[in-house]
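Only the coordinates and a few stated rules stand behind these numbers; no lab work does. The structure presented is a predicted model; accordingly, all values stated were derived computationally and were not measured. Cβ sites come from the backbone with ideal geometry, for glycine too, and all protein chains shown count toward neighbours.
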Amino acid sequence: MYNILGYYDAETVKEATALLAENPNLRLIAGGTDVLIKLHSGQIAEAELLSLRKIKALGSIQKAEDGTIAIGAMATFTKIFNDPILRELIPILTEAAISMGGPQIRNIATIGGNVCNGATSADSAASLFALNAQLKLIDSNGERLVPIREFYLGPGKVALKPGEILTEILISPENYRGFGGQYIKFAMREAMDIATLAVAVVCKLQGQTFDEIRIGLGVAGPTPLRCLEAEAYAQGKEVSMATVAEIGRLAVNATQARTSWRASQEYREHLVKELVPRALKVAIVNAGGAELV
Ligand SMILES: Cc1cc2nc3c(=O)[nH]c(=O)nc-3n(C[C@H](O)[C@H](O)[C@H](O)COP(=O)(O)OP(=O)(O)OC[C@H]3O[C@@H](n4cnc5c(N)ncnc54)[C@H](O)[C@@H]3O)c2cc1C
């Protein structure tokens, strides 16, 4: 049973923010693959919905002259997977996109809904954390940029203020140029499944040493997270099996994994220790380094 009290369509962001300012109880709906499930199950008892689907500008993916990549919040996972700019420049996001749901879900689910839903298991999250993405939030008074690391506040809780809409996800060139990356979604089965653990790694090399690495994890804590201690350790270290293994060990220190019916805390920590080095080894090759054997 869907207890939908009203339904509004906005055709521009301005119209949507004005409607939200008038009626703060309106609940945004993008693809609806989270909102409608919650309404159906009673997790949300009732709602007046404001749809963003007619706002064409929110679906675009572009690269600005300075190299900044702007992904519209309404871009679907199918669009993200097929986009030539993202495939070439930030494949850790297109890999995450194709790992998400099944074809029907990917055709309708949006990256904005994935982020604003606030789930630690969101398939876009680990990659967006590793890419240092910034979120453009707009309300009727103006706009602000929020780093994705400050956006997730707790399970299902994000830093959207009443009346705000996520319009774009921005990735600046210093966060992807010269980096190689890899995304690994570990799930309990190969068919459609939510991640037991998600790992996204990017690295930049300087000769035989690590210049910079960034590690994003999903489902390793109540929110997606970065492994800052492991990242700091890597800087300037020799690219070797020993360094990569130590990075995996240190990555576990950043986690706050819990036991759920999918996996125990210990199993998730074990996955971090194994999968971070596994992803990093591929990222090294993608960054132009030699294969570690
Ligand atoms: C069968 C099935 C399989 C799934 N598999 C996966 C999976 O493998 N991986 C995964 O990560 N997820 C999965 N999901 C969850 C879901 O599909 C994703 O989280 C999806 O990206 C949500 O996007 P949406 O556009 O449908 O969001 P909606 O349901 O429309 O919205 C989600 C939330 O975000 C808010 N919102 C949406 N857009 C905006 C915006 N622009 N600004 C502000 N707030 C906004 C809404 O108000 C709502 O609170 C699955 C869901 C189903 C039903």
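With a cut-off of at least 3 residues that are more than 25 Å from VAL285 (Cβ to Cβ), name the strands (runs of 3 or more DSSP E) lying wholly within segment 147-243.
By residue number, 152-154, 165-171.
State the number of residues belonging to segment 105-146 that are under 13 Å from PRO224 (Cα atoms) and either surrounded by fewer than 19 Cβ atoms within 10 Å (Cβ to Cβ) or among the polar types (S, T, N, Q) (or both).
7
Could you check segment 186-204 and list, in sequence order, the residues that are in contact with a strand residue (DSSP E or B) (Cβ under 8 Å, 6 or more places away or on another chain) and either within 11 Å of the ligand (Cβ to nearest atom) or hydroxyl-bearing (Ser, Thr, Tyr) (or both)?
The answer is ALA195, THR196, ALA198.
So the check is Cβ under 8 Å with 6+ separation or different chains; which pairs have a first residue in segment 224-251 that's at positive phi and a second one that's of a type in the set (A, V, I, L, M, F, W, C) and not in a helix (DSSP H, G or I)?
Short answer, once both residue conditions are applied: GLY236/PHE210.
Which numbered condition in (1) within 30 Å of GLN256 (Cβ to Cβ); (2) within 13 Å of the ligand (Cβ to nearest atom) is the only one that ILE55 fails?
ILE55 satisfies all of (1) within 30 Å of GLN256 (Cβ to Cβ); (2) within 13 Å of the ligand (Cβ to nearest atom) except (1).
Name the single residue, out of those in segment 221-244 being of a type in the set (A, V, I, L, M) and under 25 Å from the mean Cα position of the chain (by Cα), that is nearest to LEU153 (Cα to Cα).
Ranking the qualifying residues of segment 221-244, first place goes to LEU225.
Which residue pairs have Cβ atoms closer than 6 Å, lie 6 or more positions apart in sequence or on different chains, and pair a first residue in segment 62-78 that is under 13 Å from LEU89 (Cα atoms) with a second residue that is of a type in the set (D, E, K, R) and surrounded by 15 or more Cβ atoms within 10 Å (Cβ to Cβ)?
ILE69/LYS63; ALA70/GLU168
Name the residue, out of GLY288, GLY216, that is touching a residue at least 60 places away in the same chain (Cβ under 8 Å), surrounded by fewer than 20 Cβ atoms within 10 Å (Cβ to Cβ) and of a type outside the set (Val, Ile, Thr).
Just a single option satisfies the conditions, and that option is GLY288.
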